[in-house]
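The values are calculated or read from the model by the stated rules, or taken from the named source; none is laboratory data. No experiment lies behind these values; they were computed from the predicted model shown. Reconstructed Cβ throughout: ideal geometry from the backbone, glycine too, with neighbour counts over all protein chains shown.
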Amino acid sequence: MKADVTHNPDDYKMPLLDHLVELRNRMLYCVAGLIAVFLLTFLLLAQDIYNFLVEPLAAAMRERGGEQAARMIFTDLTEVFFTNVKVSFFFAAFVCTPLILVQLWLFVAPGLYKNEKSALKPFMMATPILFLVGAALVYYVIMPLAWDFFLSFEQPAGSDRLPIVLEPKVNEYLSLVMTLLFAFGLAFQLPVVMVLLARVGIVSADGLARTRRYAIVAVVVFAAIFTPPDPLSQLMLAIPVILLYEASIWLARGVEKRRAQAESEADED
């Protein structure tokens, strides 16, 4: 492929020490932004964010037992405090993801040709968007269905049986929700990873198509591990990821076609 003559990375060569200094500065910007957002979130928004995360469970509990039935418990004096710390950190990490990607881009961009920059920019922008789509699918679809499924195991009191009532703990609920959010968010990065691998020649569209059946099995196993045990929740993760895998094959074919055209034009020149 013909190099871009208007921008040659060799013109921006730096000593190793300068690269390390720049990398340190970029990391400091990211850490400073993360700490600032974390502190603001912890002081002002942590409880509101947790209430937002717990709303699907609260709605399901209110629907089954009325307003009095919707409650959560904590059994450790420090549990709510450290839960708010975790909420603040997760939220700060999500908010600062664009900052981290920008700093990463500013660090590597001077060493890229113009065509390489244009190839990477869409993936840098697609990463947080796809993560947000996966997280939204969890919050608005998976969680209401899963919580209804789990609440169905409650049992009212009777003459011959004791009641079985859900008493969700604050920290355990957050751990479950964050596991689901990150599992779906990471799973939705599949097209980004596959297309990048296709661009560097590690995978091919034909290879992805040939391993489709194994990929489907891997997706089903992944969904069984990172979702609640009800089949509906597992299918709600497995089906979108399988569709994203098929989209990855289609995108990889487009990458290979454009690369073949560029190589053909380079040979003619």
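In this structure, residue 248 qualifies as among the hydroxyl-bearing types (Ser, Thr, Tyr) and more than 19 Å from residue 148 (Cβ to Cβ). Each residue in the range 69-102 was checked for being more than 11 Å from residue 38 (Cα to Cα) and modelled with pLDDT of 90 or more, and 12 pass. Examine the range 102-111 for a residue that is aromatic (Phe, Trp, Tyr), outside any helix (DSSP H, G or I) and free of Cβ contacts under 8 Å to residues at least 24 places away in the same chain, and state whether such a residue exists. Checking the range 102-111: not a single residue is aromatic (Phe, Trp, Tyr), outside any helix (DSSP H, G or I) and free of Cβ contacts under 8 Å to residues at least 24 places away in the same chain.
Restricting 253, 210, 259, 199 to residues that are basic (Lys, Arg) and free of Cβ contacts under 8 Å to residues at least 12 places away in the same chain narrows the list to 210. Residue 152 satisfies every condition listed in (1) surrounded by fewer than 17 Cβ atoms within 10 Å (Cβ to Cβ); (2) farther than 23 Å from residue 237 by Cα except (2). Applying a threshold of 8 Å to beta carbon distances and a minimum spacing of six or more residues, or different chains, the list of pairs starting in the range 213-238 at a residue that is among the acidic types (Asp, Glu) and ending at one that is part of a helix (DSSP H, G or I) and buried (at least 19 other Cβ atoms within 10 Å of the Cβ) reads 230/146. Only residues that are in a helix (DSSP H, G or I) and either exposed (fewer than 12 other Cβ atoms within 10 Å of the Cβ) or among the aromatic types (Phe, Trp, Tyr) (or both) were counted across the range 44-93, and they come to 12. Of everything listed in (1) over 21 Å from residue 240 (Cα atoms); (2) under 23 Å from the mean Cα position of the chain (by Cα), the single unmet condition for residue 154 is (2). Might you let me know whether the range 226-245 holds any residue that is farther than 24 Å from residue 134 by Cα and of a type in the set (A, V, I, L, M, F, W, C)? No - not one qualifying residue is present in the range 226-245. Out of all the residues in the range 159-199, which are outside any helix (DSSP H, G or I) and of a type in the set (S, T, N, Q)? Selection gives 159, 189. For residue 177, state whether it is in contact (Cβ under 8 Å) with a residue 60 or more places away in the chain and crowded, with 20+ Cβ neighbours inside 10 Å. Yes: the conditions hold for residue 177. Note on the range 214-247: residues that are surrounded by 17 or more Cβ atoms within 10 Å (Cβ to Cβ) and in a helix (DSSP H, G or I) total 15. Of 122, 163, all but one fail to be more than 16 Å from the chain's Cα centre (by Cα), farther than 30 Å from residue 25 by Cα, surrounded by fewer than 14 Cβ atoms within 10 Å (Cβ to Cβ) and modelled with pLDDT under 90; the exception is 163.
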